[in-house]
Amino acid sequence: MNLGKTFVITGVSSGIGARTAELAIAQGADVIGIDMKEPASAGNNFIKGDLSSPAGIDAVVKQLPQRFDALLNVAGVSGKIGAEATLAINFYGLRAFTEALAPRIREGGSVVNVASIAGYGWRANLDRAKAMVGVQGFPDIKAVMEKNGVGNEIGYPLSKELLLLWTQKAAHEVLFKGRGIRVNAVSPGPVETQILKEFRSVLGDERVDSDISRVGRAATASDIAPVILFLASDAARWINGANIANDGGLEASINADVLGF
Ligand SMILES: NC(=O)c1ccc[n+]([C@@H]2O[C@H](COP(=O)([O-])OP(=O)(O)OC[C@H]3O[C@@H](n4cnc5c(N)ncnc54)[C@H](O)[C@@H]3O)[C@@H](O)[C@H]2O)c1
């Protein structure tokens, strides 16, 4: 499906990113992997870097090629390290990295953002999301949080609400649309990876267990990776600005409660 393509994938040293890289290679793609931790099997195309600050992002951008087909933004953190650091990695850093690389993505290429069911509240919290996405570049995140009354405990869901809103906005921006670059999101529910253990301590066992029981099991990274790669492929050429719920039906189940059907 992705034979001959070159993908830049963040978060390749664990969980969903690792499986996505493995499957992309099996589909005949070349992968340039990025992570702050070394991968279990160090390939030639791995760049170690921390995407949480402008300096870290610049250092990685400098090492990447001038042309590639798609950027798959998989790296993310659970919120355990606090809202400021979580927003830096899961949203403001991701956006700055993507905007810096957009001119290098070939015409007709794409960006895939791994969001989450945790971003479900973006519509309910639309004014806050609009204000926080409206801040350009990589801002003073502490100041942005203060201005928008953001408490430390909501870092993770808020980061994914911003990512879902920005995915839709970016799909229409000249930087992407001007060269036919599609920007989409995939939203998993609970997935059996390292981060799930942290979600249990951040969100509580009850919330995680309730999400899992609604759909019968947690996902594995192998449930998520093919959908990320589908969105990166030419088969998804008419999908733009979309969010695919890849959660076994969790969003539909929550919709039924929230919308009362
Ligand atoms: N596992 C779940 O239940 C779940 C559910 C919904 C969404 N997600 C999202 O899926 C994505 C992947 O998560 P996962 O489940 O594979 O978790 P994971 O912890 O297994 O993998 C995340 C990877 O991102 C890397 N990373 C974190 N911060 C980084 C930084 N500053 N710079 C570079 N690399 C960094 C980590 O080193 C790690 O290898 C995340 O965006 C997460 O929010 C996960």
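The values are calculated or read from the model by the stated rules, or taken from the named source; none is laboratory data. The structure presented is a predicted model; accordingly, all values stated were derived computationally and were not measured. Here Cβ is always computed from backbone atoms with ideal geometry, including for glycine, and neighbour counts include all displayed protein chains.
Couple of notes before you dig in:
- Exactly one residue among ALA24, ALA18 is touching a residue at least 40 places away in the same chain (Cβ under 8 Å) and touching a strand residue (DSSP E or B) at 6+ places or on another chain (Cβ under 7 Å), and that residue is ALA24.
- Within the range 27-62, being more than 9 Å from the ligand (Cβ to nearest atom), small (Gly, Ala, Ser) and modelled with pLDDT of 95 or more holds for GLY28, ALA29, GLY33, ALA55, ALA59.
- Some residue of the range 123-143 being β-branched (Val, Ile, Thr) and either in contact with a strand residue (DSSP E or B) (Cβ under 6 Å, 6 or more places away or on another chain) or crowded, with 24+ Cβ neighbours inside 10 Å (or both): no
- Checked against (1) away from the ligand (no atom under 16 Å from the Cβ); (2) among the aliphatic types (A, V, I, L, M); (3) part of a loop (DSSP other than H, G, I, E, B), VAL77 passes all but a single condition, namely (1).
- Residue identified as in contact (Cβ under 8 Å) with a residue 60 or more places away in the chain and surrounded by fewer than 14 Cβ atoms within 10 Å (Cβ to Cβ) among ARG237, ARG182: ARG237
- Any hit, the range 207-224, residues being within 20 Å of ALA83 (Cα to Cα), more than 21 Å from the chain's Cα centre (by Cα) and part of a helix (DSSP H, G or I): yes
- For the range 63-74, the tally of residues that are among the polar types (S, T, N, Q) and either within 16 Å of GLY109 (Cβ to Cβ) or within 13 Å of the ligand (Cβ to nearest atom) (or both) stands at 2.
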